[in-house]
Structures are given as C-alpha cells and as structure tokens.
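Have a look at the structure below before the remarks.
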Ligand SMILES: [Zn+2]
C-alpha cells in the first residue's frame, strides 16, 4: 500500500486555533475546562464540532449513546472505514487537550486531505465518544464500552450523577441521543491521538509515544481487624495493631511493584483507620491496593504475592484480614499492524519516538476488543493532566497530528 509522501503535513495553525476555539466552551475557573459529559456545555461543544465537520463535507451520524461519527466518503463506500478520534468531554477541573486533541486532530486529518485533494479507498470517520471521563457518570469510557459490548446500554442509561439525574435522560435533554444502534458499525481500524498524561516523553525530549500496551489493573480492598486498646497502657507484646498491619502492607505493595520494573506500579491511595483517635491503637483499617501492569502474568503474580504477604504479616501481628477484589481491567495489547503504522509514520516524518504503555484508560482500550486499534501520544508539560493547568506546545500537538495523519491515510489507502 502506498505511504503518504514524507512532506505531507497537517495545518498546525488551524489545529491549534480549533483547540483554542473549543476551549472557550465550558471554561474552567483556572484556565482549563469544565465541559463534563451531557451538560449544556457538552451540547454546545458538540454543535461546534458538528458545524466544523459539515463545513469539511462530512456526514454526521449519532448513535443511541450520543457518540458522534463524522464520515468522509471513500472511493469504495462498501469498505469498512478507518476511525479516528477520542472525546470532547472533560473533567470538572480538566484541561484543554485531554481528549479534545484526539477529536480535533482527527478533524484536522480530514481537513488536510481536503486541502490536498487526496482521496482514500476506505472512508474515514472522525469520532467523539460520549462520556470518556466518567467523573459525572461512572464508569469512564462509557460509550466506547457499550460499543465494544463490555457495558450494558440500559444499565448505564440508569446511572445517576450526584444530583440524582440519570445519564440517559440527560443525554436526551441536551438533544444528542441519536437513533443509530450502538456497536453496529464495522471498523477497519481505529486510531486515537492523546496527550501522554505522564512525564516520560517530555523528560526524554521525545516527540512521539507509540503506545503498544494499556495497563491492566486490580483493586484489592483489604480490611484488617485487630483490637482497639489504649496507646499508653497496653504493653507492646499484647497489641493487635491494625494500623501497623496496614503500614507493612503498603511497604510490601511498593516492594513488589519495584520487583517488576519498568512497567508495573503499585500503591495504596485509599486508607481508613478506625476509630481514628490519637490515643487508641487502631482496631480496624480498610484500604485499597491499586496494582497495574501491561502483562496479565505479572499482574496475577503481583496479586498472588500480595495475598501471601498479607497472610504472613497478619499472622505475625495476630490480626485478621479480608481481601475483596473491587475492580479489575485486563491489560491491552494494541494491534501490531496499527502500532507499526504509527511507528513508521513517526520515522518517515523524522520525529523522535519511543514505545509507551498507557497508564490511563482510553476509549481505544475498549475499541481494541472489536477492531485493530492503536494510539499515538504527544508530550504534556510536567506530565500534568486532569488539571486545569494541563499544557502542551503547538509543536507537540502538530507532530502528534502529523503522525496520526500518516497512519490514518496509509491505512485508509491513498487513491493514486
Ligand atoms: Zn482522555
């Protein structure tokens, strides 16, 4: 298949201007964005995106989850399209680029093809997945999850926000509940451009992250039960200290994660101590262990060692334990062909690149289950994301979009 010429580039100014224009909708209080899913602001952002798509000659389809699909016809309309996109919704205190870059980068791919008069055999569809963030309505990656058959549509419609409003009703209220059945589309390949949301690319001064895997995760909620007793008058050998048990488990989780470098991570972020009083030895602690790895075997091995370790720790301290798995997500291995298309594009364009594992979840992680998928990442300042101070440079954005452009166009096959 013909690769696009190495001097083909997207229009960097237009991409940046579009990002800034979208950021005016649902401004945050500190320079970022608050454009949470199925709010009025989300509706307004969708209208702007739709206007831009129509001006670029694309035809808009909307499914029952509100996901937007803007299609540029191929010379063979019977072929399955190449999909490209991400999400326009943000965290309540979100940035201007998380998700948005992937959607508007996809739009820029199509605008550039129009400028250059390039036709592709496969249609290209620019996509805005509904509710990627999951902050207003859990879970995250909701619409792509329903699309991939992982989540149940009727079930997520009934999910409520803090004010008790239902997702399905809010989607309808903002006017973006489409009629197309979710998951009916055939996808030739899906490409998602996203900011890294981590510090590696910037630290190493690298333009492009070629995402080969997505981290799998397990959340283990642990309850340790010892005995509440006076901190002053209880002799040390008599104590059954659930706080000490928790401390040892936290240390253990850290050590085990360190044994599986460079990719595994582990921490305890949620901790509760009972009765949480200065002069009472903690009788009970409840905390959640979060472990992640791109390899299922590693994740299972970490899980096994943690359970063994907790048993040993608790026996030594004469306390009881209970372990519940309260969350799990299998690691993702992205499609070798799509990953290669991204790496080849970076190479051809002369951008420095390295392989990355995505630590966060993305729509691409679900779509990878139903279609060949891969992700491109660009650096972000200090690795900061889910924060209004999230920042990228115009050069980083356009390098990422250039790579996206080449990968998408090569996969959609240029018509000579
Ligand atoms: Zn995102």
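Only the coordinates and a few stated rules stand behind these numbers; no lab work does. Not measured: the values here are computed from a predicted model. Neighbour counts are summed over all protein chains in view; Cβ atoms, including those assigned to glycine, are modelled from backbone coordinates with ideal geometry.
Quick check: is even one residue across the stretch 82-101 surrounded by fewer than 24 Cβ atoms within 10 Å (Cβ to Cβ), more than 16 Å from the chain's Cα centre (by Cα) and closer than 21 Å to residue 376 by Cβ?
no
Restricting to the stretch 282-304, name every residue that is touching a helix residue (DSSP H, G or I) at 6+ places or on another chain (Cβ under 7 Å) and over 15 Å from residue 219 (Cβ atoms).
Scanning the stretch 282-304 gives 282, 283, 284, 285.
Could you list all residues from the stretch 310-320 that are surrounded by fewer than 19 Cβ atoms within 10 Å (Cβ to Cβ) and under 35 Å from the mean Cα position of the chain (by Cα)?
Selection gives 311 alone.
For the stretch 5-33, give me the residue count where each residue is touching a residue at least 40 places away in the same chain (Cβ under 8 Å), over 22 Å from the mean Cα position of the chain (by Cα) and under 19 Å from residue 346 (Cα atoms).
Total meeting the criteria: 6.
Restricting attention to the stretch 102-125, and to residues there that are in a strand (DSSP E or B) and touching a helix residue (DSSP H, G or I) at 6+ places or on another chain (Cβ under 8 Å), which single residue is nearest to the ligand (Cβ to nearest atom)?
124
Exactly one of (1) in a loop (DSSP other than H, G, I, E, B); (2) over 17 Å from residue 407 (Cβ atoms); (3) more than 16 Å from the ligand (Cβ to nearest atom) is unmet by residue 198. Its number?
Status for residue 198: all satisfied but (3).
Restricting the first residue to the stretch 41-55 and requiring it to be in contact (Cβ under 8 Å) with a residue 24 or more places away in the chain, which pairs with a second residue that is outside any helix (DSSP H, G or I) and surrounded by fewer than 23 Cβ atoms within 10 Å (Cβ to Cβ) meet a Cβ separation below 6 Å and a spacing of at least six or different chains?
Within 6 Å, the pairs are 43/174; 45/25; 46/176; 53/60.
Within the stretch 126-175, take every residue that is in a loop (DSSP other than H, G, I, E, B) and buried (at least 24 other Cβ atoms within 10 Å of the Cβ) and give me the one that is nearest to the ligand (Cβ to nearest atom).
Within the stretch 126-175, the match that is nearest to the ligand (Cβ to nearest atom) is 132.
Can you tell me which residue within the stretch 336-347, out of those that are closer than 20 Å to residue 205 by Cβ and surrounded by fewer than 21 Cβ atoms within 10 Å (Cβ to Cβ), is farthest from the ligand (Cβ to nearest atom)?
Looking at the filtered set, the residue picked out is 347.
Here is a yes/no grid of residues against (1) outside any loop (DSSP other than H, G, I, E, B); (2) closer than 18 Å to residue 96 by Cα; (3) out of contact with any strand residue (DSSP E or B) (no Cβ under 6 Å at 6 or more places or on another chain):
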site	(1), (2), (3)
348	yes, no, yes
357	yes, no, no
366	yes, no, yes
377	yes, yes, no
386	no, yes, yes
397	yes, yes, yes
400	yes, yes, no
404	yes, no, no
